[in-house]
Structure formats: C-alpha cells, structure tokens
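Reviewing the structure listed below.
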Amino acid sequence: MTLPAPDDPPYLKGLNAPQREAVLTTEGPVLVLAGAGTGKTAALTARLGHLVATRLAFPSEILAVTFTNKAAREMRERVGHMIGPAVEGMPWLGTFHSIGAKMLRRHAELVGLQSNFTILDTDDQLRLLKQLIQAAGIDEKRWTARALAALIDRWKNKGLMPSEVDAGESEVFDHGKGAAMYAAYQARLRALNACDFGDLLLHMLTLLKTDREVLEFYQDRFRYILVDEYQDTNSSQYLWLRLLAQKRKNICCVGDDDQSIYSWRGAEVANILRFERDFPGAKIIRLEQNYRSTPQILAAASGVIAQNGGRLGKTLWTEAVEGEKVRVIGVWDGPEEARRVGEEIESLERQGVRADDVAILVRASFQTREFEDRFMQIGLPFRIVGGFRFYERAEIRDAVAYLRLINQPADDLAFERIVNVPKRGLGDKAVETVHRVARAEGVPLTLAAARLIETDEMTGQARKSLGRFIGDLARWRDMAQTLPHAELARQMLDESGYTAALQAERTSEAAGRLENLQELVRAMEDYETLGAFLEHVSLVMDNEAQSEEAKVTIMTIHAAKGLEFDTVFLAGWEDGVFPSQRALDEGGLASLEEERRLAYVAITRARRRCIILHAANRRVYGQWTSSIPSRFVGELPKETVNEETTLTGGASLWRANWSERDDPFANVARGSGRGPGWQRAASQGNFVREPTRLVEARQSAVSLGSKGRSDVSVGMRVFHEKFGYGTIQTIEGNKLEIEFEQAGRKRVLDSFVKLA
C-alpha cells in the first residue's frame, strides 16, 4: 500500500501504487489488467473523478461505458461522491446499448429511421420473425423464430450487415436462407421505424465506418474513453470503441482476460489480448493485490488458470492471513453431495457463520434441484439468484402441468397452461370457446373440450388440434396405470412435441431447458407414485414465501461473477459436468480454456473458505454413470488442497494417473479418448483407476471418449442438417472434420451426420 501524500485529493486516498498509476496515467492508451478482488471499480471511478477534478475534460467530453445498468448506476453514484453535482453533466456514462441509442436518435435518418424509432423487446422480435418465416414458406417447426433470432443476434454481435454474411454462415438456417431472412428482417424493421438491441450498436458502427463526418464529430467530442469489463466486449463493441479512440487514443480499458466467460453471448477474449497491437505503445498496468481472498484460495485459483495458454499474465497476492486450505471432498453420488453440503452449512451456522455469507455455485442450472430438495427437507433457508427455483422455471411448470392433468383430468389451471404449449394452432378464440362451454355446462375444461370436438362450434383445424390433444391425454392416462411414472414423463415430453420444440430452437438456453427437464424426470424416480411426486412439488411451491431470515445463496458460476462470499461450495466438479461436456463438444480447446476461466472465477468468489465437491456417480439422461473428478481438480496445486474422500481416486490419484499417455483426449481439440476410466470394484464398494484402457461402458452422453461410428471413413460424402453436404477429411474418435460444400470446414460429432 502506498502511503498518501498530505496534499492528495480524496479520491486517491486508500489506493495502492498500481491503482494510483491507473488513475494518474491519463494520456495515451492504457490497459488495466485487474485481477479478481483487486479494486478495479475503485480505480476506474477515481480515474473518472480525476479527469473532471483536474479539468482535463468537461464531464460531457468523457465516454464511460459499462455492461449493465447496475454497474453504470454504481459508477455514477461513486463519481458523484467525488465530484459532486458535476456528475449530472456526464451524459455519456452508461451501457453500450444506452449510449448507442442516444447516438442513433441523433443520426437516425442516416440509417433510414426516424428519431422516435421503437426499440423492440424479445417478444416483439420473435413475433416479427415468425411472420417473416411464414411469409417465406419455411417450415417454422424445423426452423424456428427463436433460432433465427439467435443467429441474427450473433451476426450483429460480429458487426455484420446482411450483405456481409458469407455463404457458410447463411447455410446454418434453412439450407442457405439465413442472410436473406436477415435482410428481410432489417427491411421490415425500417418499415416499422424500429430496431432491436443489436441494431443500437450495429447502425452506429456502420455510420462510423461509412460517414466520415459522423466519425470525426464523435472523435472530437470524446477526449477520454473509459471501458469497464473490456474482456466481455463482442466484435461489434470492440470495433465501435476502436473507431472512436483512433484520433486521440486516450482510451483506458479495465478488464481481466482470466475472467472472460461469456463467449456464448458473443464476447471475444481476443479483444483484450490484442490491445497492445491495436494501440501501439499502450501502457499495461496490473492490479494484483487482492483484497478479498486468503493466500491459499488465491494460490489454488492461480494454479488452475496457469494451465491456459494465450494469457496476458498476472500474479495475485494478498496481505491477508494464510487461512484454510481449499477442501476437495469426494462423495458417492449427487444426493450425498447435497446431504454433505447441508451438514457442512449447519456446522458453520453453529460456529456463528450467517447463511447470507454462504454460497453454492454450480456449472448448470439443473444441478440446483437436489440442493433445493435437500434444504427443504432439513429446513435450511435458501435463495436462487440469477434465475428461478427449479420448480418455478417455465419448462418445469409446463411439464408438471401435463402431469397434473394426467393425474387429475379436472385440473383446469393445468389445462389452461398447456392447452397450446407447445403451439398447436389453437388461437384465443378456440380457447375462449372451451371456457364458454365449460361454464355453461358446469364441467371441467377437459370434458368441455372433448364435447366440442364432436360439434361444429370451432374451425376444422381447431377441432383437429384439440382432438389430438385430448386423445393424447387419455392415452397417457391409460399408460399411467402400468408404466413407471418417470418413463411416462419421458414419453409425454417426447410425444407432446415439447422436447422437439426445444431442440428446434438450437440455442444454449434451450439446451439448458432440456437439461432441466431431464433432471425433472430423474427426480421423479425418487417417488413411489406420480401422486406422491406431485404432492412433493406442491409442498415445495407452497413454502416459497419471502422472509427476512438469512439464506444460503444458490446460483450458477456465470451469475456469481462480481460477487463474493465468506464460504463457497463448488459442486459437481466432474469431467462432463464441469468442464461441461456440451461446451467441449461444441468448442474444443477454446471452450476448455473458457471452462477453466470459469473455474478461476468460481474459486475467487470465496473470501475465507472454498470447498470443492465431486461425486463418483451421477444420474445423466436417466442413467447412472461413473464419473471422474474434473481435470481442474487435478490442476489445483497440491500444497493448497486438503482432500477428504472415502473413495480411492481423489485429486492425488487423478494427478498420478491422468496423463497424455493415458488420455488421448487431453488436448480436446485433437484427441479421441476420455482417458482412464473409473470402474466399480464390487468387492470393495468403491472406485479404482484403470489407467491402461477406457471403460467401455461409459455413457456417450457425458463421455469424451466415444469410439465413434464404424460406418464412416475419410473421403466419404455425408449430409449435415445445418451445413449441408460435405466430405470427411479426418476422424478422431466420434468427432469428424468435414469440408462442407457451402459452409467450409467444420468439426462435428458423427451422430449429427448421415451418409449421403
């Protein structure tokens, strides 16, 4: 800590030497590499206050960009405490979208809009895209509006106008119609005098690239540019910032390449990595003194992230006392994991730790279910942050409504919820007719619907759709007499079209919703009857009243970024769960490095205690699957870890046996094998390592080591639904590298192609 000079202004007091340097280095490009918990917000706001207090710029001459409204409000409040009312004269302090909208309203006519243009929300956007899909004669069940919206959003994040989308990218939607649909969508937006959120930056980026007068106006206007969370910028935001800063080059970006975890929404970690190349002579300032965590926690996090290549590099340190080592606990299965965490939290509470200071962080939202159920049983208060409780999620409510209606045909509330979910072509008028008949005859909606099918009070299409729905319900009700209720739920989700509708969306959100439904089916297996399960759900939902008592926080790691807790439990650290199998399949080595950054973020949320758990068994897609500890467990420096497990095969055995020799898939981008498997030793009742071969019985749903199909070979012509026809170039396990005729070279799983 640098001692303040007697005449230091208030905003410099309490800052360490690198923080002061970040505040006082005002001229030229500056990149502040701010590690987790190093006080980057204090430095950034002090820099803003310094620019105004020293009259280097008027408040209106500073562009300060954040990613969230919350961050913008916090920055404005902090700067207001430093410089007083002058903060009100800072019109260019806000989020990318709010600043983009302000600029665009000034120049709307240059992009074919009026200044009073409407900004569409997601529902309006999907409605418009659905109309365009129908007008184009495209099968909207196979090529959904939501999938097209995600695709267009991705192109806008890249800064691409419809004319700039290449044939390979366009091929992703309906065999090459993507770019044309994007162009039709943009034309329709202009006709409506509207834009979506992506347009707020894309239109201004286009103007800055094509209109010299507009570019020079803003380059002259902004004497200084400050950017928070620079590692989270997408290509469009990056290009926008670079154009604005090219004249004066007084740009200060604050970020951490080790915390870039949002590639799925367009963030490009490469933006921060190439800052010095974009701005030659840039000053790099590293904030490395951590004010949050103990040395043990920091050393553990540093040991994991050091495995990533292409880092700018920094070493976090702290003046805090040594503290506890990171605990790594091996348990038998998922339910035991939830029980163990509950016991640990109750023990901490007896020691005086408040539940508010405890968090459970998971990789995927479906993992929260077992913790919720367990905590309900033992009366441990909890909250879900950044999302809904498991049984509150829309897809879970929908599935439970189906099950309620199967169990109880007179459940009108359940009928109302799912009569047109997924879409069956039943409009509001048809549903109103069912309600009218039910009221008139005093019967449940299901019975009223069954009677209407035999009349001519509805259109032929509506009668057909309603008849199919009522028939399905009757059939599932009959099946419930003999079929196990979990299997009934699986069939119901498939036969109703609900699963297919989510699969057709082709988005990460839809994939997560499918995972939640799979977890719901798995949860049903713990109850003897469908009625018992539905009663459990009702009791859970009835016990969700808010109270002021302290609660344990349960959330995903993504949602936890920027937060901190005294005690953090990191659950589900097994390969396939974390790192995520889906992420590895889709992104290879780049995704593995992002998953590792996510592990770094997770560990550095902890102030005093970090407890990592891994289970030897997981129920995945309805099947019990043996698991191995996450490779990130093996990357923890052994001197920072205390292992607690009754299973042979903890982190130390992981280190001893997981090697590139045993694991031909150690490099995700090239290998084909999972590495050493785990197999149950019946005589011992635990798990032992088999270092010389893969365990063939591993489930392909979570296995990196699928051997692949035997009916494909190099040079063979195949067909892929998204990319079209192509020729196999290389085969690595179950992964194919294919040269597609329209989409170029891609890596795909063999299960996604057909022989041409």
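In region 225-263, what residues are in a helix (DSSP H, G or I) and of a type in the set (D, E, K, R)?
Selection gives D232, R242, D257, D258.
Filter region 48-81 down to the residues that are part of a helix (DSSP H, G or I) and touching a Leu at 6+ places or on another chain (Cβ under 8 Å) and list them by number.
Within region 48-81, L48, H50, A72, M75, R76, V79 meet the criteria.
Can E337 be described as part of a helix (DSSP H, G or I), touching a residue at least 40 places away in the same chain (Cβ under 8 Å), open to solvent by 20 Å² or more (accessible area, probe 1.4 Å) and not aliphatic (A, V, I, L, M)?
Details: part of a helix (DSSP H, G or I): yes; touching a residue at least 40 places away in the same chain (Cβ under 8 Å): yes; open to solvent by 20 Å² or more (accessible area, probe 1.4 Å): no; not aliphatic (A, V, I, L, M): yes.
For E337, the condition - part of a helix (DSSP H, G or I), touching a residue at least 40 places away in the same chain (Cβ under 8 Å), open to solvent by 20 Å² or more (accessible area, probe 1.4 Å) and not aliphatic (A, V, I, L, M) - is not met.
Quick check on my filter: what residues within region 713-730 are among the hydrophobic types (A, V, I, L, M, F, W, C) and surrounded by fewer than 18 Cβ atoms within 10 Å (Cβ to Cβ)?
V714, M716, F719
Tell me, which helices (runs of 4 or more DSSP H) wholly within region 523-615 include 3 or more residues that are open to solvent by 10 Å² or more (accessible area, probe 1.4 Å)?
In region 523-615, 530-542, 581-603 are the helices (runs of 4 or more DSSP H) which contain 3 or more residues that are open to solvent by 10 Å² or more (accessible area, probe 1.4 Å).
Which count do you get for residues in region 181-200 that are in contact with a Gly (Cβ under 6 Å, 6 or more places away or on another chain) and open to solvent by 10 Å² or more (accessible area, probe 1.4 Å)? Spell out how you get there, then give the answer.
Step one: list which residues in region 181-200 are in contact with a Gly (Cβ under 6 Å, 6 or more places away or on another chain), which gives 190, 200.
Restricting the remaining residues to those that are open to solvent by 10 Å² or more (accessible area, probe 1.4 Å) gives 190.
Number satisfying all stated conditions: 1.
Kindly indicate which of Y218, Y230 is over 23 Å from V633 (Cβ atoms) and buried (at least 23 other Cβ atoms within 10 Å of the Cβ).
That would be Y230, the only listed residue that is over 23 Å from V633 (Cβ atoms) and buried (at least 23 other Cβ atoms within 10 Å of the Cβ).
Just give me the residues in region 84-141 being in a loop (DSSP other than H, G, I, E, B) and open to solvent by 80 Å² or more (accessible area, probe 1.4 Å), in sequence order. Break it down stepwise before answering.
First, the residues of region 84-141 that are in a loop (DSSP other than H, G, I, E, B): 90-92, 107, 112-117, 120-121, 136-141.
Selection gives Q114, N116, D139, K141.
Check E519, E505 and return the single one that is touching a residue at least 40 places away in the same chain (Cβ under 8 Å), crowded, with 21+ Cβ neighbours inside 10 Å and either in contact with a Lys or Arg (Cβ under 7 Å, 6 or more places away or on another chain) or farther than 19 Å from F366 by Cα (or both).
Only one candidate qualifies: E519.
So which residues in region 731-744 are in a strand (DSSP E or B), open to solvent by 50 Å² or more (accessible area, probe 1.4 Å) and either at positive phi or touching a helix residue (DSSP H, G or I) at 6+ places or on another chain (Cβ under 9 Å) (or both), if there are any at all?
Within region 731-744, I731 is the sole residue that qualifies.
Report, by residue number, each residue of region 240-265 that is out of contact with any Leu (no Cβ under 6 Å at 6 or more places or on another chain), open to solvent by 20 Å² or more (accessible area, probe 1.4 Å) and under 21 Å from K209 (Cα atoms).
Selection gives R242, Q246, K247, R248, K249, N250.
Might you let me know whether region 155-166 holds any residue that is open to solvent by less than 10 Å² (accessible area, probe 1.4 Å), assigned to a loop (DSSP other than H, G, I, E, B) and either out of contact with any strand residue (DSSP E or B) (no Cβ under 7 Å at 6 or more places or on another chain) or without any contact (Cβ under 8 Å) to a residue 12 or more places away in the chain (or both)?
Checked against the condition, which is being open to solvent by less than 10 Å² (accessible area, probe 1.4 Å), assigned to a loop (DSSP other than H, G, I, E, B) and either out of contact with any strand residue (DSSP E or B) (no Cβ under 7 Å at 6 or more places or on another chain) or without any contact (Cβ under 8 Å) to a residue 12 or more places away in the chain (or both), region 155-166 yields at least one hit.
Between a residue in region 346-359 that is open to solvent by less than 70 Å² (accessible area, probe 1.4 Å) and any residue that is assigned to a helix (DSSP H, G or I) and modelled with pLDDT of 95 or more, which pairs come within a Cβ distance under 6 Å, given they are 6 or more apart or on different chains?
Correct list of pairs: V358/I345.
Scan G313, G387, G303, G309 and give me the residue that is outside any helix (DSSP H, G or I) and open to solvent by less than 30 Å² (accessible area, probe 1.4 Å). Please lay out each step first, then the result.
Details: G387 fails: open to solvent by less than 30 Å² (accessible area, probe 1.4 Å); G303 fails: outside any helix (DSSP H, G or I); G309 fails: open to solvent by less than 30 Å² (accessible area, probe 1.4 Å).
The match here is G313.
May I ask you to list the residues in region 452-470 that are more than 18 Å from K423 (Cβ to Cβ) and open to solvent by less than 40 Å² (accessible area, probe 1.4 Å)?
Hit for region 452-470 is L452, nothing else.
Under 6 Å between Cβ atoms, which residue pairs at least 6 apart in sequence (or on different chains) link something in region 10-31 that is without any contact (Cβ under 8 Å) to a residue 12 or more places away in the chain with a partner that is open to solvent by 50 Å² or more (accessible area, probe 1.4 Å) and not hydrophobic (A, V, I, L, M, F, W, C)?
Close Cβ pairs satisfying both conditions: K13/P4.
Within region 94-118, which residues are over 20 Å from L208 (Cβ atoms) and among the aliphatic types (A, V, I, L, M)?
Narrowing region 94-118 to residues over 20 Å from L208 (Cβ atoms): 114, 116, 118.
Correct list: empty.
Answer with yes or no whether R451 is out of contact with any Phe, Trp or Tyr (no Cβ under 8 Å at 6 or more places or on another chain) and more than 30 Å from R619 (Cβ to Cβ).
Answer is yes for this residue.
For region 745-756, give me each residue that is crowded, with 16+ Cβ neighbours inside 10 Å, at pLDDT 80 or above and part of a strand (DSSP E or B).
V753
Okay, residues lined up against (1) touching a residue at least 40 places away in the same chain (Cβ under 8 Å); (2) basic (K, R):
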residue	(1), (2)
P59	no, no
A64	yes, no
R76	no, yes
V79	no, no
I83	no, no
A86	no, no
G94	no, no
S98	no, no
A101	yes, no
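Consider L483 against the criteria (1) farther than 20 Å from F415 by Cβ; (2) in a helix (DSSP H, G or I): it satisfies all of them except one. Which criterion is unmet?
(2)
Of the residues A550, A486, A511, which is closer than 23 Å to P579 by Cα and not aromatic (F, W, Y)?
On inspection, the qualifying residue turns out to be A511.
Quick check on my filter: what residues within region 390-420 are open to solvent by 40 Å² or more (accessible area, probe 1.4 Å) and within 30 Å of the chain's Cα centre (by Cα)?
Correct list: E392, A394, R397, R417.
The values are calculated or read from the model by the stated rules, or taken from the named source; none is laboratory data. Note that the coordinates shown come from a computational prediction; the quantities given were computed from them, not determined experimentally. Cβ sites come from the backbone with ideal geometry, for glycine too, and all protein chains shown count toward neighbours. Please note that ligands, DNA and RNA were not included when accessible areas were found on the heavy atoms of the full protein model with its side chains. Shrake-Rupley method; radii C 1.70, N 1.55, O 1.52, S 1.80 Å.
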